[in-house]
Amino acid sequence: MTVTSPFLYFRDRRLRILMLFADLFVIGFAYYAAFYLRFEGILGREYIDIMLRTGPILIIAGFVFLLVFEVYRGMWQYASLNDLAQIIKAITATSAIFILLLYLIRHDQVPRSVIVIQWLISLVGIGGLRFSARFLRKFLSASKRRIPVLVVGAGDAGEMIVRQMLNNPQYGYDLIGVIDDDPRKKNLRLHGVKVLGGRDRIPTIVQRRRVEEIIIAVPTATGEQMRGIVDVCKSAGVRYRTLPGPRELVDGKVSLTQLREVKLEDLLGREPIAIDTTEISRVLTGNCVLVTGAGGSIGSELCRQILEYRPSQLICLERAENPLYFLEQELRQTKYAKEHRERVVPLICDIGNRPKLEEVFRKYRPHAVFHAAAHKHVPLMESHPEEAILNNVIGTLNVLEVSANSGVAEFILISTDKAVAPTSVMGASKRVAELLVQAYANAHSAKTRCITVRFGNVIGSNGSVIPLFQQQIARGGPVTVTHPDMRRFFMTIPEAVQLITQAATMGVGGEVFILDMGKPIRILDMAEQLITLSGYEPGTDIEIEFIGLRPGEKLEEVLWHKWETPAETRHSKIFAAMTEPKAWDTIIAQVEELRDAAERMDRKDVIVTLREIIPDYTPMKNNGDHTPVSVRREPQEAAHTT
């Protein structure tokens, strides 16, 4: 929009016009007061005539320069030094032009001291009007009831939060003090606010000063540190909120408006991951990248992060239309997609439909393929093993072969810890997918570079345990946990995808890259923490009910086969496992048997064939007991070696 008048800036035109007339009155009054002070209250007829003839000239000059210097773009209640600087410029220019005009019309009888006094009074008067509004606003805010708060963290984030609280009383906070565990900071002051000590003092301060809220301003806190702070806040019986973590912050700046409730991800938080964006750019930037299962938790985050590297095209392949639709809408809102909307290409396609896959690859010729499409629900796949085979095994074979035949340079399979010593059809099907990728890489080393990335659970993925717990808590419980000793590896979805894209730059082909998942977490502990974060007491307000292991589940997952030895890579969070691959002809023959059994919906034969391919696959009964299934011939010893 073209601005044709300074008044178009005014949010309330009538108020701004009133402000202008008030300022012009101040300038006129200052001129009269300057004469009065200069002549000590005794004005002769001559000087009264001079004042009356020249006063309008001064007021007109003031009118012009108050608008020229955009004095009315600011809001009085937020008057700042920048506003004062504009006022000084306008008043000074007014006085300078006034002197010049007096010289041109030969009205040099006006004493110079009058002009100086007028300049000073105008400045004090107009500036005073602005800042009096700000001080009045602060006074009125201070007179309202304010919430007594403590800020935890005397670092950079804490400093920004303290400064915003002091400068913005309208937020209604009464800052009692700052808490920091660093003993060197005790009794120091942050913008005049005292550091009262470590977190152990929180309960005492809360009680004595009647603190009602604690703001945790430590965005880089580890999960262990955050759990310790939250435990103290809970024991003090006071509300607590936190700032976003490093991945959520923009340019490292924090604001009071970003405060949110503590989430489970904060309590399980891990150190931020350093990745080599230069290496990742080499694979992604300017290239066509295809993601299967783009509507899923991992697939959609892959699309988000890949788009940041500005590929020539991002092919989002998904068979479920709703997740794909919402992903497309989201991606088209990003800054890079706005510049090049054709980059995001959503495609409805089932990876079991090989002719459709071939058509897609012929048309778009992707450089890199991230294969994230898979059935993942363990109990459901126990009931429908043929679907696990057709999607997770045959679908992977289709994508793998079509990728290689189309000249794809990089093929990355997303796998799971459930593929290690599997006890479920889902885990076994993903293990067969791993074997396919390894065997192909070994048999066709000069073509597509094929690797596998294996990791555990991700926090908050679609259909996972955390959203289930949250739904159960919202209904008032009970929260259902399968077993008190069940443990799983967890990492955040963005963290997992960062490491996947980094692993895509490693190896020569055939490697299984395994992400460092940290220590496994007890599911019962997660349930209790989620109940507490929701404001309830576990076992009192919300009951926890143990329902037993579901079909295919085991108490603990592992990331390594017993014959795999972790080898370090150039990234501290990524390890490599090299094993002796199966012969391509052998695995293909076995997979064809699987396909035949699945298409015949012979579920028993599916299980039998899976055990022939994977000797350490141990199916389980529905009650969670390990139950070896008889096979047509004795399975051979695992051919894998370290």
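Within the stretch 550-564, not a single residue is surrounded by 19 or more Cβ atoms within 10 Å (Cβ to Cβ) and modelled with pLDDT of 80 or more. Taking the stretch 43-85 as the range and being assigned to a loop (DSSP other than H, G, I, E, B) and at pLDDT 75 or above as the test, only 69 passes.
Residues in the stretch 415-433 that are touching a helix residue (DSSP H, G or I) at 6+ places or on another chain (Cβ under 6 Å) and either closer than 28 Å to residue 505 by Cβ or part of a loop (DSSP other than H, G, I, E, B) (or both): 415, 416, 418, 419, 422, 424, 427, 429, 430, 431, 432, 433. With respect to the conditions (1) within 19 Å of residue 239 (Cα to Cα); (2) within 30 Å of the chain's Cα centre (by Cα), residue 166 falls short on a single one, namely (1).
None of 453, 408 is under 20 Å from residue 302 (Cα atoms) and part of a strand (DSSP E or B) except 453.
Within the stretch 212-236, being in contact with a Leu (Cβ under 9 Å, 6 or more places away or on another chain) and either among the β-branched types (Val, Ile, Thr) or under 19 Å from residue 163 (Cβ atoms) (or both) holds for 213, 214, 215, 216, 217, 218, 219, 230. Against the definition (among the polar types (S, T, N, Q), crowded, with 18+ Cβ neighbours inside 10 Å, modelled with pLDDT under 90 and outside any loop (DSSP other than H, G, I, E, B)), how does residue 609 come out, yes or no? Considered against the rule, which asks whether it is among the polar types (S, T, N, Q), crowded, with 18+ Cβ neighbours inside 10 Å, modelled with pLDDT under 90 and outside any loop (DSSP other than H, G, I, E, B), residue 609 comes out as no. Among the residues of the stretch 546-585, just one is out of contact with any Phe, Trp or Tyr (no Cβ under 8 Å at 6 or more places or on another chain) and assigned to a helix (DSSP H, G or I), namely 585.
Scanning the stretch 208-233 for residues that are within 20 Å of the chain's Cα centre (by Cα) and β-branched (Val, Ile, Thr) yields a total of 5.
A count restricted to the stretch 578-604 and to residues that are closer than 16 Å to residue 436 by Cβ and either in contact with a strand residue (DSSP E or B) (Cβ under 8 Å, 6 or more places away or on another chain) or charged (D, E, K, R) (or both) stands at 7.
Looking at 298, 315, just one residue is assigned to a helix (DSSP H, G or I) and at pLDDT 90 or above, and that residue is 298. Taking the condition assigned to a loop (DSSP other than H, G, I, E, B) and either under 20 Å from residue 598 (Cα atoms) or free of Cβ contacts under 8 Å to residues at least 60 places away in the same chain (or both), does residue 394 pass? Here the answer is no, as residue 394 does not meet what is asked. The number of residues in the stretch 434-459 that are at pLDDT below 90, over 10 Å from residue 413 (Cβ atoms) and charged (D, E, K, R) comes to 1.
If we scan the stretch 377-390, do we find a residue that is assigned to a loop (DSSP other than H, G, I, E, B) and in contact (Cβ under 8 Å) with a residue 40 or more places away in the chain? The answer is yes; a qualifying residue exists. Total residues in the stretch 474-508 satisfying the condition of being surrounded by fewer than 19 Cβ atoms within 10 Å (Cβ to Cβ), among the aliphatic types (A, V, I, L, M) and assigned to a loop (DSSP other than H, G, I, E, B): the figure is 2. Among the residues making up the stretch 509-545, those that are more than 25 Å from the chain's Cα centre (by Cα) and in a loop (DSSP other than H, G, I, E, B) are 509, 510, 511, 536, 537, 539, 540, 541, 543. Any residue at all in the stretch 184-207 that is under 28 Å from the mean Cα position of the chain (by Cα), modelled with pLDDT of 85 or more and within 29 Å of residue 274 (Cα to Cα)? So far as the stretch 184-207 goes, no, none of its residues is under 28 Å from the mean Cα position of the chain (by Cα), modelled with pLDDT of 85 or more and within 29 Å of residue 274 (Cα to Cα). Does residue 480 satisfy the criteria of being under 23 Å from residue 305 (Cα atoms) and among the polar types (S, T, N, Q)? In short, no.
The values are calculated or read from the model by the stated rules, or taken from the named source; none is laboratory data. Nothing here was measured: the structure is a model prediction, and the numbers come from that model. Don't worry about glycine lacking a Cβ; one is built from the backbone with ideal geometry, like all the others, and counts go over all protein chains shown.
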